[in-house]
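Below is one structure, written out as structure tokens, with a few remarks after it.
Rule-based calculations on the coordinates, nothing more; no lab input. Just so it is clear, the model here is predicted, and its values are computed rather than measured. Every residue, glycine among them, receives a Cβ derived from its backbone with ideal geometry; neighbour counts consider all protein chains shown.
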Amino acid sequence: MTSAIEIQGLHKYFGDLEVLRGIDFRVAMGEVVCVIGPSGSGKSTLLRCVNRLEEPTSGTILIEGEDITDPDTDTDAVRRKIGIVFQRFNLFNHMSVIDNVTIAQRTVLGRSKEEAEQIGMENLKKVGVSEKFDVFPRRLSGGQQQRVAIARALSMDPDMMLFDEATSALDPELVGEVLGVMRKLAEEGMTMLVVTHEIGFAKGVADRVVFMDEGVVVEDGPPGKVLVDPDHERTRTFLRMVIEGE
Ligand code: ADP
Ligand code: MG
């Protein structure tokens with residue numbers, strides 16, 4: 001079966017700095033893959049290559065079988081298939097919640113105001129913030145803002161979702177509400193590539209866990225293996241640090 005995402009021999013340099021040093025892995029349709037690893041190991045760069053916010057230096061990325069590193073690829077069409085949620089919520093602060101979730105539907109997908117609002121409200125309901133539809137982001141907690149950001153991404157009908165440390169900027173008591181929404185999406189069958197330090201989430205939700213360090217995939221396997229009995233000492237050391245820091 002065609003993979004949702006297939007990465008082959010991906011290298012990325014920033015100047016002389018080789019940040020991704022030959023990455024290979026795949027995400028099947030409907031699969032949830034969590035990527036863990038120390039700061040600076042290239043996790044964000046990897047996600048940014050997948051939706052072409054960064055240009056890979058070499059290697060191939062196939063999205064649903066289509067080579068998006070081909071210069072003829074329509075990058076906008078690729079991006080439309082992929083929702084992405086960042087650490088910082090990136091909402092438009094001068095727009096209400098409902099405008100935040102409808103603007104791209106209208107400008108990019110050409111939906112009418114009415115249709116965009118209906119779809120936006122459904123997704124706000126799904127993430128549990130529909131009653132805040134007419135307020136501005138600064139009135140919301142970080143957890144609510146991040147849930148709006150998820151609703152905004154979902155309103156574009158993506159085939160897959162990327163999360164880059166979506167809960168790292170949140171106060172600890174707000175992390176659970178965002179992870180809960182992500183868990184629900186996973187249960188509904190959304191294809192997800194999730195960079196996270198939430199080992200409990202990875203254990204409970206991921207089909208596979210990828211451990212990255214210094215621009216390579218060190219370990220790739222089921223959570224029960226990678227998080228519990230990894231093959232490599234550096235995975236063990238990393239897990240010890242993350243778990244002790246909690
Ligand atoms: P992670 O998300 O795992 O913390 P990143 O992908 O953000 O890692 O960064 C990996 C390395 O690439 C770091 O050394 C970082 O400083 C560097 N880097 C990231 N983006 C850029 C950029 N735009 N220009 C130069 N260096 C960058
Ligand atoms: Mg990062």
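Compute log10 of I(q)/I(0) for the chain with the Debye formula, placing one identical point scatterer on every Cα and leaving out solvent, at q = 0.11, 0.18 Å⁻¹, to two decimals. Cα-only, vacuum Debye calculation for the chain: -0.58, -1.42. On a 0 to 90 degree scale, rounded to 10, what angle separates helix 113-126 from the longest Cα axis of the chain? Orientation of helix 113-126: about 60 degrees from the principal axis. Structure remark: mean-square fluctuation, Gaussian network model of the chain, C-alpha springs under 10 Å; the largest value among E188, E64, E122 belongs to E188. Spin-label model, D157 to S39: label points 7 Å out along the Cα-to-beta-carbon direction sit 4.1 nm apart. With helices as the sole contributors, the chain gives -11000 deg cm²/dmol at 222 nm; each DSSP H run of n ≥ 4 counts as -39500 (n - 2.57), and the sum is divided by every residue.
Enumerate the residues in segment 3-37 having an amide nitrogen under 18 Å from the point lying 7 Å beyond the Cα of R240 toward its Cβ. From segment 3-37, the list is 37. Suppose each label sits 7 Å from its Cα in the direction of the beta carbon; what would the E122-L53 distance come out to in nanometres? Computed distance between label sites E122 and L53 equals 2.7 nm.
Between the Cα long axis of helix 172-187 and the first principal axis of the chain there is an angle of about 90°, rounded to the nearest 10.
Can you compute the label reach from S141? Point 7 Å from Cα along the Cβ direction, backbone N cut-off under 16 Å, restricted to segment 150-188. Inside the label zone: 167-182.
Gain on full extension, evaluated as 0.36 nm per residue between D72 and E18 minus their Cα-Cα distance, stands at 16.9 nm. Comparing Cα centroids, segment 208-223 and segment 117-187 end up 27 angstrom apart. Under a GNM of the chain (C-alpha, springs under 10 Å), which listed residue has the highest mean-square fluctuation: E233, E31, E219? The residue with the greatest mean-square fluctuation here is E233.
A Gaussian network model of the chain, with springs between Cα atoms under 10 Å, assigns the largest mean-square fluctuation among G40, G15, G110 to G15.
Taking 7 Å steps out from each Cα toward its Cβ at A169 and F92 produces label points 1.8 nm apart. Computed about its Cα centre, the charge dipole of segment 108-244 is approximately 360 debye, with only Lys, Arg, Asp and Glu carrying charge at their Cβ. Nearest 0.05, what FRET efficiency do V228 and D207 give at R0 = 22 Å with Cβ-Cβ as r? For R0 = 22 Å, the calculated efficiency reads 0.90. Helix 97-107 and the longest principal axis of the C-alpha atoms of the chain enclose an angle of approximately 80°.
I need the calculated FRET efficiency for the pair S130 and H11, taking r as the beta carbon distance and R₀ as 51 Å, to the nearest 0.05. For S130 and H11, the calculated efficiency is 0.70.
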